[in-house]
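The values are calculated or read from the model by the stated rules, or taken from the named source; none is laboratory data. Since the structure is predicted, the reported quantities are computational estimates derived from the model, not experimental observations. Counting neighbours? That spans all protein chains shown, and the Cβs are built from the backbone with ideal geometry, glycine included.
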Ligand SMILES: Nc1nc2c(c(=O)[nH]1)N[C@H]1C(S)=C(S)[C@@H](COP(=O)(O)OP(=O)(O)OC[C@H]3O[C@@H](n4cnc5c(=O)[nH]c(N)nc54)[C@H](O)[C@@H]3O)O[C@H]1N2
Ligand SMILES: Nc1nc2c(c(=O)[nH]1)N[C@H]1C(S)=C(S)[C@@H](COP(=O)(O)OP(=O)(O)OC[C@H]3O[C@@H](n4cnc5c(=O)[nH]c(N)nc54)[C@H](O)[C@@H]3O)O[C@H]1N2
Ligand code: SF4
Ligand SMILES: [Mo]
């Protein structure tokens, strides 16, 4: 182990101390003993912990973990303290309309009419390309499905995108280009049998605390379990690693190609597996071309450990060791998140993780899996599966594919060839066009004025008088309110019913536990009212509530490989979630996809054990992907790398977690982590004000000096609306996924 047993317990328990069995969150429990408990899912991360919501006198009194869900009753602090968030006095309780520059209270009639009128006028004057929907991996599945259908089928606009573009788009691109279908093949249960964890670009301990606890428990129970962490920062995740590779940001492709190189050289590959189940591919002149194993080995010859070591700035021996640990273990599970996805080589980096599993045959077996960690609680179920992105249609279909469009036209009862064939605008393109070719936008459950990259560029457009912006929001202090023309107050979390689909393909029902404050309403009803007023064909939206929408969506799913027809509302009410595929009402759900006997989509009489049915030849693709540098590299003027991300207790733009006094106290203002050697050289002491300058903006943050960042790197979180870190970041995007490179830009660091 890289740390002592005592340290291991300290670092893994640092998280465990924040987890609760039951509801011991130190509040006045006797006073708050609930009358009833209602089942749901935590509002925050993609771990998707099951919760029990304790209700007393019609209010959420406390929250505890659901013992029947995968989290076995445990929650981290964010989940456990959700009562403070939902009961916050900062909730929006009436619609607001901007009049003379300020948002003033309005009636629902006024707000709905104004918004519908502006959308209708825009459609008449400029056509469907001028309207847009910007959604969220935190909206309910029913909300995302409905908004997607209203815009794509009703208004014929494919300008439907959302914050998963900032988050999971590269993971989607990776799964689809390798396996032909999105979403991981494994489940969280794989953690209990993995013997090696390859964690790359994920600060699991802070961002998926309950999963981190599960893997730490696995290691504690069996010291032969190895953990490799690839992260330029010595995070709490890295502290329990046996092997930490603090690579220079943006160099993971060189590292993983070198690992593959070592695996072949040491004959640690599984030729029986890759000989049967893998195709080798490369892009040549923009087209995928079939390659041979020999071609792949020739390609890898360029990535010796020594050469990769020079690029990544880690010892060559560490790369060799990582490859051997990966390939020699009886079961290897890879976990990654934004450290790979938020990069201009995001899709390629995802491909290379899959490659390592495919060449070693460590895939689709218990504990052996290539498992992308999902950020938001419903990015998978709500946005990826429903196809609520600008290039997608439901169930893994593509807008650009005529057959797929025709399938959806038939399913939705539309005339053949009536769906708009042109993919819509992806997130940054959509905001870049705002006020110009995009004139009316609806935003649901996301706070782009704080979370977009290079944000000043986009807020300039948000300010334009040629745009109309309506937002559906729960909190009065979200940054995007500053730019909204109309604000609709949304029912939050368990104030309405609906489904969340977490990172392991688990669909869970959040049941309604309490009423919403004031006049706040479920977003589904707001969307339905708006659609009706915009003149959307009533036959397309025959829904009264979210359960009706679920019924339609469940039926549709049977016509795709994302089949969850067996998940009736009734079944979801009774269970703590089910994993798709789940085609029939007696199907128990699927823990391992693509494996005969496990995945119902693989015919029982299929001749081979594994069948990658997403690809026409039934094989998974191993891609030849070269290392390429980040979009903006440090230079003499901006000599440091700035990376951005998260801290354990704050959620994204802070609108929710800042409502919790305990959290506000622990993480008051954004800060910047500086390496101790760099700090010494620059005369910066802990707590000093540090000035960060990039080509896009400047910010002064208080310094946290230490060993977390590798030399030459600084880190800042983006939760603080008073310190908009995104004014500094670049908005270069991955060519394929269009996901921005939040993780890397060049910065000058000086004492303020
Ligand atoms: N507490 C908390 N938890 C959350 C969230 C939250 O806001 N707060 N948000 C949720 C969401 S939506 C998401 S997307 C996830 C994000 O979860 P993570 O991706 O785990 O979190 P980040 O802090 O964005 O970045 C992860 C790590 O990537 C590393 N990194 C940066 N550049 C590179 C690189 O080039 N290579 C490698 N290998 N690593 C690199 C950073 O040092 C950082 O430790 O968290 C989810 N969970
Ligand atoms: N610098 C930097 N920027 C990043 C990232 C990074 O790593 N670095 N990560 C990116 C990633 S991965 C993500 S996912 C995004 C997240 O970025 P955002 O989605 O913009 O961040 P959130 O704070 O989660 O925004 C959710 C909004 O919805 C509101 N809300 C909460 N519940 C409800 C509800 O039930 N209904 C409605 N209608 N509204 C509700 C909240 O008050 C909040 O304003 O940030 C991206 N931006
Ligand atoms: S790990 Fe994620 S889902 Fe679980 S309680 Fe914490 S924030 Fe919620
Ligand atoms: Mo995310």
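Looking at residue 404, is it surrounded by fewer than 24 Cβ atoms within 10 Å (Cβ to Cβ), at pLDDT 95 or above, touching a strand residue (DSSP E or B) at 6+ places or on another chain (Cβ under 7 Å) and not in a loop (DSSP other than H, G, I, E, B)?
Judged against the criteria, residue 404 is a match.
For segment 656-713, a tally of residues being over 15 Å from residue 749 (Cβ atoms) and part of a strand (DSSP E or B) returns 0. Pairs are defined by a Cβ separation below 6 Å, a sequence spacing of at least 6 or placement on different chains, a first member in segment 476-487 that is touching a residue at least 40 places away in the same chain (Cβ under 8 Å), and a second member that is assigned to a loop (DSSP other than H, G, I, E, B); the pairs so defined are 476/90; 476/92; 477/90; 478/447; 478/655; 479/447; 479/721. Within segment 365-384, the set of residues being within 17 Å of residue 341 (Cβ to Cβ) and assigned to a strand (DSSP E or B) comprises 370, 371, 372.
Of the listed requirements (1) surrounded by 24 or more Cβ atoms within 10 Å (Cβ to Cβ); (2) without any contact (Cβ under 8 Å) to a residue 60 or more places away in the chain; (3) not in a helix (DSSP H, G or I), residue 387 misses just one: (2). Taking the conditions (1) within 16 Å of ligand 2 (Cβ to nearest atom); (2) over 18 Å from residue 312 (Cβ atoms) in turn, residue 221 satisfies each one other than (1).
Here is a yes/no grid of residues against (1) in a helix (DSSP H, G or I); (2) in the same structural domain as residue 733 (by TED's automatic domain parsing); (3) over 30 Å from residue 350 (Cβ atoms):
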position: 103; (1), (2), (3): no, no, yes
position: 112; (1), (2), (3): yes, no, yes
position: 118; (1), (2), (3): yes, no, yes
position: 129; (1), (2), (3): yes, no, yes
position: 133; (1), (2), (3): no, no, no
position: 146; (1), (2), (3): yes, no, no
position: 173; (1), (2), (3): yes, no, no
position: 176; (1), (2), (3): yes, no, no
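Among the candidates 594, 610, the residue that is more than 25 Å from residue 202 (Cβ to Cβ) and touching a strand residue (DSSP E or B) at 6+ places or on another chain (Cβ under 7 Å) is uniquely 610. Before we move on, is residue 495 within 17 Å of residue 656 (Cα to Cα), out of contact with any strand residue (DSSP E or B) (no Cβ under 8 Å at 6 or more places or on another chain) and modelled with pLDDT of 95 or more? Yes. Taking segment 694-717 as the range and being free of Cβ contacts under 8 Å to residues at least 60 places away in the same chain and either under 11 Å from residue 673 (Cα atoms) or over 28 Å from the mean Cα position of the chain (by Cα) (or both) as the test, the residues that pass are 700, 701, 702, 703, 704, 705, 706, 711. Among the residues making up segment 721-740, those that are within 27 Å of residue 477 (Cα to Cα) and either in contact with a strand residue (DSSP E or B) (Cβ under 9 Å, 6 or more places away or on another chain) or not in a loop (DSSP other than H, G, I, E, B) (or both) are 723, 724, 725, 726, 727, 728, 729, 730, 731, 739, 740. Among the residues of segment 70-101, how many are part of a loop (DSSP other than H, G, I, E, B), away from ligand 2 (no atom under 16 Å from the Cβ) and surrounded by fewer than 20 Cβ atoms within 10 Å (Cβ to Cβ)? Total satisfying the criteria: 4. Under the condition of being surrounded by fewer than 21 Cβ atoms within 10 Å (Cβ to Cβ) and either part of a helix (DSSP H, G or I) or in contact (Cβ under 8 Å) with a residue 24 or more places away in the chain (or both), the residues counted in segment 252-268 number 4.
The strands (runs of 3 or more DSSP E) located wholly in segment 424-515 that include 2 or more residues which are within 16 Å of ligand 1 (Cβ to nearest atom) and in contact with a helix residue (DSSP H, G or I) (Cβ under 8 Å, 6 or more places away or on another chain) occupy 498-501.
Of everything in segment 343-364 that is part of a loop (DSSP other than H, G, I, E, B) and within 16 Å of ligand 1 (Cβ to nearest atom), the residue that is nearest to residue 204 (Cα to Cα) is 343. Residues in segment 178-192 that are in a loop (DSSP other than H, G, I, E, B) and in contact with a helix residue (DSSP H, G or I) (Cβ under 8 Å, 6 or more places away or on another chain): 181, 182, 183, 184, 185. Consider residue 340 carefully, then state whether it is closer than 15 Å to residue 254 by Cα and either in contact with a strand residue (DSSP E or B) (Cβ under 8 Å, 6 or more places away or on another chain) or modelled with pLDDT under 95 (or both). Against the criterion (closer than 15 Å to residue 254 by Cα and either in contact with a strand residue (DSSP E or B) (Cβ under 8 Å, 6 or more places away or on another chain) or modelled with pLDDT under 95 (or both)), residue 340 qualifies. Search segment 390-401 for residues being touching a strand residue (DSSP E or B) at 6+ places or on another chain (Cβ under 7 Å) and part of a strand (DSSP E or B), and hand back the single one that is surrounded by the most Cβ atoms within 10 Å (Cβ to Cβ). Out of the qualifying residues, it is 392. Of the residues 205, 224, the single one that is modelled with pLDDT of 95 or more, in contact with a helix residue (DSSP H, G or I) (Cβ under 8 Å, 6 or more places away or on another chain) and either more than 22 Å from residue 170 (Cα to Cα) or surrounded by 24 or more Cβ atoms within 10 Å (Cβ to Cβ) (or both) is 205.
For residue 160, the conditions (1) within 23 Å of residue 355 (Cα to Cα); (2) away from ligand 1 (no atom under 13 Å from the Cβ) all hold with the exception of (1).
Taken as a whole, the structure places residue 201 among residues that are outside the structural domain of residue 410 (by TED's automatic domain parsing) and either farther than 28 Å from residue 613 by Cβ or in contact (Cβ under 8 Å) with a residue 40 or more places away in the chain (or both).
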